[in-house]
Amino acid sequence: MKLIILGASAGGGFPQWNCNCRNCAGLRDGSVRAKPRTQSSICVSADDGRDWALLNASPDILQQIKATPELQPNRALRDTGIGGILLVDGQIDHATGLFMLREQKSKMPLWCAEPVYEDLTTGNPVLRVLEHYCGVEHHDLPLDGSAFNMPKVAGLEFSVLPLSSKAAPYSPHREASVDGDNVGVSITDKCSGRKLFYAPGLGARTAEVHARMVEADCVMVDGTFWTDDEMIVAGLSTKTARDIGHLPQSGPGGMMDWLDELPKHVRKILIHINNTNPILDENSPQRAELTRRSIEVAEDGTRITI
């Protein structure tokens with residue numbers, strides 16, 4: 001299985017356009033050793049790299065396609081390497097990039113859970129707007145763990161697992177989440193049997209999620225915040241990481257401790273990294289701690305073979 005990290009940042013990107021935190025200011029003036037990142041999205045393929053599944057469509061999708069020859073037209077006058085799109089949630093940083101793909105010739109093949117489809121046709125009616133352009137061929141995600149395929153992405157098998165996290169702020173489920181508001185995705189290469197578990201929004205540890213992570217060869221999971229009170233300390237919010245559906249990396253029961261429990265062969269990567277997170281500073285003690293624990297920090301453009 002081939003994987004390309006199209007974007008590694010949380011909503012707003014890094015540096016965030018209106019943010020003057022230590023990381024953003026330091027990246028701009030060169031005082032912090034860090035790399036810019038666009039908003040989080042990945043693509044995966046099992047064949048010769050001609051047909052790809054896009055997981056999340058960030059507002060930066062056009063910039064990401066320009067940086068990724070595999071997704072660019074190369075077979076016809078109008079063409080794309082994207083054979084199917086899967087949304088893990090309805091958040092703006094994962095869904096509004098669909099607008100940028102409106103010129104395609106046929107209906108957009110889209111997989112998302114029913115609560116996300118509801119949100120994207122009501123509170124943020126992206127999919128209603130697309131009906132005036134290419135239209136959408138919607139496929140509901142089975143939340144019982146059963147496997148499914150994308151017809152135009154050969155060789156891969158998908159299954160999803162509802163996660164404990166938060167729906168988008170415009171969702172009626174924001175303060176009372178329902179199954180399907182946010183999912184983790186297991187992707188299996190049907191030829192090699194190798195597995196990826198992808199969960200950029202992960203708010204709490206559960207036995208079911210742990211089981212998916214243990215059976216994977218690579219896990220790419222929520223790297224939004226280093227501490228639970230990160231945004232509060234920075235003076236940017238009154239809410240903790242857990243309040244908005246993200247498990248912090250540090251502290252008792254944090255993501256680092258959880259990842260430490262995985263088998264040694266599992267590759268561990270953090271994605272959806274907020275601009276305030278000190279792990280973006282490559283010289284920080286927090287980054288050194290991740291390196292000590294063999295936990296990677298996702299970067300735009302990284303290509304991985306699983």
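Reported count of residues in the range 2-15, each being surrounded by fewer than 22 Cβ atoms within 10 Å (Cβ to Cβ) and in a loop (DSSP other than H, G, I, E, B), is 2. Could you tell me whether any residue of the range 64-81 is crowded, with 23+ Cβ neighbours inside 10 Å, touching a residue at least 24 places away in the same chain (Cβ under 8 Å) and not in a helix (DSSP H, G or I)? No, the conditions are met nowhere in the range 64-81. Of the set (1) part of a helix (DSSP H, G or I); (2) of a type in the set (Asp, Glu); (3) touching a Ser or Thr at 6+ places or on another chain (Cβ under 6 Å), all apply to Asp228 but (1). Only one of (1) closer than 16 Å to Leu202 by Cβ; (2) in contact with a strand residue (DSSP E or B) (Cβ under 8 Å, 6 or more places away or on another chain); (3) not charged (D, E, K, R) fails for Asn277. Which number is that? So the condition that Asn277 fails would be (2). Of the candidates Ala95, Ala57, the single residue that is among the aliphatic types (A, V, I, L, M), out of contact with any strand residue (DSSP E or B) (no Cβ under 8 Å at 6 or more places or on another chain) and on the phi < 0 side of the Ramachandran plot is Ala95. Here Ser192 fulfils each of the conditions (1) under 17 Å from the mean Cα position of the chain (by Cα); (2) in contact (Cβ under 8 Å) with a residue 60 or more places away in the chain; (3) within 25 Å of Val44 (Cα to Cα) apart from (1).
Scan the range 207-224 and give yes if some residue there is under 22 Å from Glu157 (Cβ atoms), free of Cβ contacts under 8 Å to residues at least 12 places away in the same chain and either small (Gly, Ala, Ser) or crowded, with 24+ Cβ neighbours inside 10 Å (or both), otherwise no. Looking through the range 207-224, at least one residue is under 22 Å from Glu157 (Cβ atoms), free of Cβ contacts under 8 Å to residues at least 12 places away in the same chain and either small (Gly, Ala, Ser) or crowded, with 24+ Cβ neighbours inside 10 Å (or both).
All of Gly145, Gly123 fail the test of being within 24 Å of His246 (Cα to Cα), more than 20 Å from the chain's Cα centre (by Cα) and of a type outside the set (S, T, N, Q), apart from Gly123. The residues in the range 241-265 that are without any contact (Cβ under 8 Å) to a residue 24 or more places away in the chain, more than 20 Å from the chain's Cα centre (by Cα) and more than 16 Å from Val219 (Cα to Cα) can be counted, and the count is 1.
Restricting Leu77, Leu98 to those that are in contact with a helix residue (DSSP H, G or I) (Cβ under 7 Å, 6 or more places away or on another chain) and among the hydrophobic types (A, V, I, L, M, F, W, C) reduces the list to Leu98.
Do we find that Leu161 is surrounded by fewer than 22 Cβ atoms within 10 Å (Cβ to Cβ), touching a Gly at 6+ places or on another chain (Cβ under 7 Å), assigned to a strand (DSSP E or B) and without any contact (Cβ under 8 Å) to a residue 60 or more places away in the chain in this structure? Taking the combined requirement at face value, the residue satisfies it.
Among the residues of this structure, Gly245 counts as one that is at positive phi and at pLDDT below 95.
Taking residues in the range 88-108 that are touching a residue at least 60 places away in the same chain (Cβ under 8 Å), and partners anywhere that are among the charged types (D, E, K, R) and part of a helix (DSSP H, G or I), the pairs with Cβ atoms closer than 8 Å and at least 6 places apart or on different chains are Gly90/Asp119.
Selection of the range 16-58 for residues being within 18 Å of the chain's Cα centre (by Cα), buried (at least 17 other Cβ atoms within 10 Å of the Cβ) and either over 24 Å from Phe197 (Cβ atoms) or of a type in the set (Val, Ile, Thr) (or both) yields Gln16, Thr38, Ile42, Val44.
The values are calculated or read from the model by the stated rules, or taken from the named source; none is laboratory data. The structure displayed is predicted, hence computed values, not measured ones. Glycine gets a Cβ as well: all are built from the backbone with ideal geometry, and neighbour counts include every protein chain shown.
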